[in-house]
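Enquirer: Just passing along the structure, written as structure tokens.
The values are calculated or read from the model by the stated rules, or taken from the named source; none is laboratory data. It should be emphasised that the depicted structure is a prediction, and the values quoted were computed from it without experimental measurement. Don't worry about glycine lacking a Cβ; one is built from the backbone with ideal geometry, like all the others, and counts go over all protein chains shown. Remember, those area values only see protein heavy atoms, side chains included, never the ligands or the DNA or RNA. Shrake-Rupley method; radii C 1.70, N 1.55, O 1.52, S 1.80 Å.
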Amino acid sequence: MVVPPRVTSDRVAYVDISSGASGNMLLGALTDAGLDLVGWNEGMATLGVGGWGITVERRDSHGVEGTFLD
């Protein structure tokens with residue numbers, strides 16, 4: 001098993017999902033907040049699970065813009 005290095009940060013995110021949130025919604029929001037998708041993809045690749053991929057695009061829905069991942 002590969003153990004990632006411990007990362008310390010003074011950034012904290014509070015997520016209120018009382019109305020629900022899908023995985024791609026959360027990942028898109030984290031990407032907008034600065035998540036390194038290249039590093040995330042590299043970490044996911046270490047799991048040894050094939051047959052997946054991510055499409056990233058900017059979208060605007062009713063004047064609200066964000067990152068959409070599918």
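Enquirer: Write down the accessible area per residue of region 6-70 in Å², having rolled a 1.4 Å probe over the full set of protein chains.
Expert: Accessible area per residue, region 6-70: 83 Å².
Enquirer: In degrees from 0 to 90, rounded to the nearest 10, what is the angle of the helix 23-32 Cα long axis to the longest principal axis of the chain?
Expert: Computed tilt is about 90 degrees.
Enquirer: Counting only protein heavy atoms and a 1.4 Å probe, tell me what percentage of the chain's accessible area is made up of carbon and sulfur.
Expert: Answer for the chain is 57 percent, counting heavy atoms of protein chains only.
Enquirer: Suppose every K and R has +1 on its Cβ and every D and E has -1 on its Cβ; what is the size of the dipole of the chain about the Cα centre, in Debye to the nearest 20?
Expert: Once rounded to the nearest 20, the dipole reads 200 debye.
Enquirer: Could you tell me the relative contact order of the chain? Use alpha-carbon pairs under 8 Å, at least six residues apart, and round to a whole percent.
Expert: 33 percent
Enquirer: Moving on. Output needed for region 11-70: three equivalent-ellipsoid semi-axes, defined as square roots of 5 times the C-alpha gyration tensor eigenvalues, in descending order, whole Å.
Expert: Largest first, region 11-70 gives 22, 15, 12 Å.
Enquirer: OK, next. Tell me what the chain gives for mean residue ellipticity at 222 nm when only DSSP H runs of n ≥ 4 count, each as -39,500 (n - 2.57), the sum divided by the residue total, rounded to 500 deg cm²/dmol.
Expert: Value at 222 nm, helices only, nearest 500: -8000 deg cm²/dmol.
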